[in-house]
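The values are calculated or read from the model by the stated rules, or taken from the named source; none is laboratory data. The model shown is predicted, which means the values in this text are computed figures rather than measured ones. For neighbour counting, all protein chains shown are included, and Cβ atoms are generated from backbone atoms with ideal geometry for every residue, glycine included. Remember, those area values only see protein heavy atoms, side chains included, never the ligands or the DNA or RNA. Shrake-Rupley method; radii C 1.70, N 1.55, O 1.52, S 1.80 Å.
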Amino acid sequence: MMRSLRTKLSSTIALVVIITIALTSFLANYFINEKFNDYVTRKQEQRAKEIVSMLSTQHIKSTNTWNMDYIYSIGMYSLYDGYIIKVYDEKNRIIWDAQAHDMTLCAQIMDDISDRMEARYPQIKGEFKSDTYHITINHEIYGAVSISYFGPFFLSENDFLFLGTLNTIFIGIGIFSLVFSVIVGIMLAKRLSNPILKTVNATKQISEGNYNVRIEEKTTTEEVDMLIVSINHLASSLENQENLRKQLTEDVAHELRTPIAVLQAHLEALVDGVWKPSTSRLQSCYDEVTRIGKLVSDLENLARVDRDNLTLNRTKINLMDVIKMAINTFETEIRNKSLNVRLSGQCGDILVDQDRISQVVMNLLSNAIKYTLDDTNIDIILTESKNAVKFSIKDYGVGIPENELPFIFERFYRADKSRNSMTGGSGIGLAIVKSIVEAHGGNVKVESQVDIGSRFEVTLPKK
Ligand code: ADP
């Protein structure tokens, strides 16, 4: 059954409190009763001895008589406490008898005690019983006293009052804790569930496509905080994805529009007979088709890299060889721009996918060649650390404006668009570089200054 966090938490806390209190008061009652009854029984014996010793002081030796006034007070005093006594002299003649003295009072006291005890402790099946003790002075017997009281033990009115108060205290504490715990439970659940409800609300909005929603709620619960942070993170990465997707569609459309428009205009002119088909005109149509073809193959290339990066075919290679091969590939372009490629440093073998890493080097080198000025240098430096191999490619060309640096690794991103229509790139090269390097567990960084040059640095872990 589904229940809200608030109900669940407060009812669980209340249940725990009820059980704890019930158990505590049951155990406390049980042990107090046990000890209390023990104590009362001991007190009774003590009391009987006291009565005997008090009586013994009332014998006047010289006249062999008893101090009757005092015996009367002792008897009455004991009677009110629930002890009914009968005093005998040494010849076993009764000298004072509580029952004979006040029959009604005795009966009333006995009934009171029996009723009270019967009501509270029916299980002990108590009754009045009497014990007889000798009254002795210096080990000589001068008489006897028979003390009868409710056994095995009885509680006085004060004792009952004490136990009653104790139970009232327990019930009071119980009710107070119960109310308190329910309030605390509700408050706690509220503090927990409020941010969760807000988070649920935000995720609902995110799932409806409102990727700009963020949860501002601050909580003191670590797990809830973690949840909020990851949902905000999720929202922002979805937002980025969405922007990128829009950008991609826009860019693809934009990239296709120009060659298609040119092609359309040319073909229209040819169809309408405005233009005579000539080699140069057909060549220009062919160039546009080639541009479209290149764009489509770039797109395919990117999709393939994304897909294939899942399975890297790692072999042991030396980066120096890969870089030298790439330099050879671009020999013509390097010569055409009168560039001087300076290769330095060295490193050991690493375990990578050779084709992919070679593509990384080629993309970076081709950019460096493309964007550097004629008659300049391109510096390639290889270094090795304990865990990684690094190479950097530095050119002395146009550079990249600082505000564009964060985006150049995104698909179809091209800094300074007008400038780039000349160089003919489609803004996919660096996206591929990043994707491949990250698939190898490495990273790529860029430093650049406009009109000074750019430096790309790739780090690959040795594994
Ligand atoms: P493109 O095919 O346009 O070169 P890339 O993804 O390789 O696409 O690069 C993205 C953009 O980054 C380029 O359009 C260019 O503006 C900028 N860029 C890349 N490398 C360099 C470089 N070495 N010097 C200056 N700008 C560069």
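For segment 175-233, taking the residues that are in contact with a Pro (Cβ under 9 Å, 6 or more places away or on another chain) and part of a helix (DSSP H, G or I), the one that is surrounded by the fewest Cβ atoms within 10 Å (Cβ to Cβ) is identified as Asp225.
Suppose the filter is touching a residue at least 40 places away in the same chain (Cβ under 8 Å) and outside any helix (DSSP H, G or I); does Leu155 pass it? Full working, then the answer.
On the way: touching a residue at least 40 places away in the same chain (Cβ under 8 Å): yes; outside any helix (DSSP H, G or I): yes.
So Leu155 fits the description; yes.
Looking across segment 15-46, the residues that are more than 33 Å from the chain's Cα centre (by Cα), touching a residue at least 60 places away in the same chain (Cβ under 8 Å) and closer than 21 Å to Thr168 by Cα come down to Ser25, Ala28, Asn29, Ile32, Asn33, Phe36, Asn37.
If you go through segment 370-385 and keep only what is assigned to a strand (DSSP E or B), open to solvent by less than 70 Å² (accessible area, probe 1.4 Å) and closer than 22 Å to Ile452 by Cα, you end up with Thr372, Asn377, Ile378, Asp379, Ile380, Leu382.
Here His266 clears all of (1) open to solvent by 60 Å² or more (accessible area, probe 1.4 Å); (2) assigned to a helix (DSSP H, G or I) except the condition numbered (1).
Residues that are β-branched (Val, Ile, Thr) and open to solvent by less than 40 Å² (accessible area, probe 1.4 Å) were ranked within segment 391-436; the one that is modelled with the lowest pLDDT is Ile428.
Inspect segment 139-152 for any residue being at positive phi, open to solvent by 90 Å² or more (accessible area, probe 1.4 Å) and out of contact with any Asp or Glu (no Cβ under 8 Å at 6 or more places or on another chain) and give the result as yes or no. Within segment 139-152, one or more residues are at positive phi, open to solvent by 90 Å² or more (accessible area, probe 1.4 Å) and out of contact with any Asp or Glu (no Cβ under 8 Å at 6 or more places or on another chain).
In the condition set (1) at pLDDT below 90; (2) under 58 Å from the mean Cα position of the chain (by Cα); (3) of a type outside the set (A, V, I, L, M, F, W, C), Pro277 is compliant with all but (2).
The numbered conditions (1) more than 22 Å from Arg245 (Cα to Cα); (2) more than 16 Å from the ligand (Cβ to nearest atom); (3) at pLDDT below 90; (4) not charged (D, E, K, R) are all true for Ala439 except (1).
Starting from residues that are of a type in the set (Ser, Thr, Tyr) and within 19 Å of Asn403 (Cα to Cα), keep the ones in segment 447-462 and report whichever is nearest to the ligand (Cβ to nearest atom). It comes out as Ser454. Residues that are open to solvent by 80 Å² or more (accessible area, probe 1.4 Å) and over 23 Å from Ile428 (Cα atoms) within segment 300-350 comprise Lys316, Asp321, Lys324, Arg335, Asn336, Arg342, Gln346, Asp349, listed in sequence order.
For segment 239-251, does any single residue satisfy the condition of being surrounded by 15 or more Cβ atoms within 10 Å (Cβ to Cβ) and within 30 Å of the chain's Cα centre (by Cα)? Looking for residues that are surrounded by 15 or more Cβ atoms within 10 Å (Cβ to Cβ) and within 30 Å of the chain's Cα centre (by Cα), one finds at least one in segment 239-251, hence yes. Residues in segment 62-87 that are outside any strand (DSSP E or B) and touching a residue at least 60 places away in the same chain (Cβ under 8 Å): Ser78, Asp81, Gly82, Tyr83.
Name the one entry in Lys294, Lys276 that is farther than 30 Å from Gly429 by Cβ and of a type in the set (Lys, Arg). Show your work before the answer.
Numbers: Lys294 fails: farther than 30 Å from Gly429 by Cβ.
Selected residue: Lys276, the only one of Lys294, Lys276 that is farther than 30 Å from Gly429 by Cβ and of a type in the set (Lys, Arg).
Taken together, Ile357, Ile317 contain a single residue that is more than 16 Å from the ligand (Cβ to nearest atom), in the same structural domain as Gly453 (by TED's automatic domain parsing) and in contact with a His (Cβ under 8 Å, 6 or more places away or on another chain), which is Ile357.
For the structure I just gave you, tell me whether Leu343 is farther than 19 Å from Asn443 by Cα, aliphatic (A, V, I, L, M) and in a strand (DSSP E or B).
Working: farther than 19 Å from Asn443 by Cα: yes; aliphatic (A, V, I, L, M): yes; in a strand (DSSP E or B): yes.
Criteria met by Leu343.
When the criteria are applied in full, Ala388 fails the requirement of being open to solvent by less than 40 Å² (accessible area, probe 1.4 Å), at pLDDT below 90 and either farther than 30 Å from Thr258 by Cα or aliphatic (A, V, I, L, M) (or both).
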